[in-house]
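Notes to accompany the following structure.
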Amino acid sequence: MNIETCNKKEQDYLVDRLVEYNLTQVEATQKENFIDLSRKIVENGKIIAGIIARMYCWNVVYVDTLWVDPNYRERKIGKSLLKKVETEAKSNGAKLIHLDTFDFQAKDFYEKQGYVVFGKLDDCPENHCRYFMKKLF
């Protein structure tokens, strides 16, 4: 038995097999297994902010990434992107959205948007915390 590195196509294959199994255990509640909700804001041909999120299988949204260029922060751009995803998610039947953030990132920001901490991983990275957050619709 050899343990080898996976390429992107092989990673997708593994994810597809896991999703296939998961759906034998809990039936999907949405028509498409994954609905991409990702958005970006472009100014002068340059991405200045964006959010990567998708709704999966059971009307649940996972926010993977939310980023705003440092020169554009404090302008409510992150809030606007998050609200856009939440609004679209709700219109597609989402009931829950979740994400994670580090203590040096945006925990306070998410709390102001109505997210609550449901888990904490200490020393990730060392001397820091990773927070797992959710919001119910």
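Taken per residue, the accessible surface of the stretch 1-94 reaches 73 Å², heavy atoms only and a 1.4 Å probe.
Placing 10, 126, 74, 86 in order of accessible area, with the largest value first and a 1.4 Å probe, yields 74, 126, 10, 86. Secondary structure note: in the chain, about 90% of the DSSP beta bridges are antiparallel. Shown are 96, 136, 14, whose ranking by accessible area with a 1.4 Å probe and every protein chain present, most to least, is 136, 14, 96. Note on exposure: 46, 79 ranked by accessible area (1.4 Å probe, complete protein assembly) read 46, 79, with the most exposed listed first. Each residue was assigned an accessible area with a 1.4 Å probe, and for residue 109 the value is about 60 Å².
Hey, quick one: spin label on residue 118, modelled 7 Å out along Cα-Cβ, who in the stretch 18-57 has an amide N within reach, i.e. under 16 Å? Counting only backbone N, you get 54-57. Calculated mean residue ellipticity, 222 nm, the chain: -9000 deg cm²/dmol, from DSSP H runs (n ≥ 4) at -39500 (n - 2.57) each, averaged per residue and rounded to 500. Relative to one another, the C-alpha centroids of the stretch 62-137 and the stretch 1-48 are positioned 19 Å apart. Note on residue 36 and residue 8: their simple-model spin labels are 1.1 nm apart, each label 7 Å out from Cα toward Cβ.
The values are calculated or read from the model by the stated rules, or taken from the named source; none is laboratory data. Here the structure is a predicted model, which is why all the values come from computation and not from measurement. Cβ: placed from backbone, ideal geometry, glycine included. Neighbour counts: every protein chain shown. Heavy atoms of the whole protein, side chains included, go into the accessibility calculation; ligands, DNA and RNA do not. Shrake-Rupley method; radii C 1.70, N 1.55, O 1.52, S 1.80 Å.
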